[in-house]
1. Between residue 113 and residue 40, what length in nm is gained on full extension when 0.36 nm per residue of separation is reduced by their alpha carbon distance?
2. Specify, per residue and in Å³, the volume enclosed by the convex hull of the alpha carbon atoms belonging to the range 18-80.
3. Given points 7 Å out from each Cα along the Cα-Cβ axis, report the residue 164 to residue 19 separation in nanometres with one decimal.
4. Given the chain, what percent of its DSSP beta bridges are antiparallel, to the nearest 5?
5. In Å, the Kirkwood hydrodynamic radius of the range 144-185 over pairs of distinct alpha carbons?
6. For each of 81, 70, 13, count neighbouring Cβ atoms within 10 Å of the residue's Cβ, then give the residues from fewest to most.
7. For Cα pairs less than 8 Å apart in space and 6+ apart in sequence, what is the mean separation divided by the residue count of the range 73-133, i.e. the relative contact order in percent?
8. For residue 185 and residue 84, what does the FRET efficiency come to when R0 = 30 Å and r is the distance between their Cβ atoms, rounded to the nearest 0.05?
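Only the coordinates and a few stated rules stand behind these numbers; no lab work does. Quantities reported herein were computed from a predicted structural model and do not represent experimental measurements. Note that each Cβ is placed from the backbone with ideal geometry, even for glycine, and that neighbours are counted across all protein chains shown.
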């Protein structure tokens, strides 16, 4: 099994191999061009990013700069908006629902490293998917950790670090992020 196959299946993998390195380099080249385009060149930016991302369902707008590891593991629902400085480490699938907004400096991390120093020092990583439901707003500076699912109709307060799943129809805040209150239906 290749390191890429291990990565995509959720097994520990070595990220420093040639195949994964080359794929990250390709994403960096595309993102370098995307991030350097004039603000007027929205269509060209969207064309570039659509070729890099796994799937886009409809209208979206990503403010540069934007960073990701591979791109092909990211799925955007319709009507997605990301403010400046979004980072998505997409070593595992990242699925974002419809009508989702990210504030500035939002980071989604599917990748992690072993707690034990031996494997970590050898370059071993793991990756777990992140899923974000429909009608979600992530405030500025929110961090989503590996393996987290956020339900529908959720607001995550600015600066929150989400380490566990968040149910639908709530406002959640803090580090670690916890449900503050339900949102009336």
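1. Separation in residues times 0.36 nm, less the Cα-Cα distance, equals 22.3 nm.
2. 69 Å³
3. 3.7 nm
4. 20 percent
5. Evaluated on the range 144-185, it is 10.0 Å.
6. Going from least to most buried by this count: 81, 70, 13.
7. Value for the range 73-133: 36 percent.
8. Plugging the Cβ-Cβ distance into 1/(1 + (r/R0)^6) gives 0.40.
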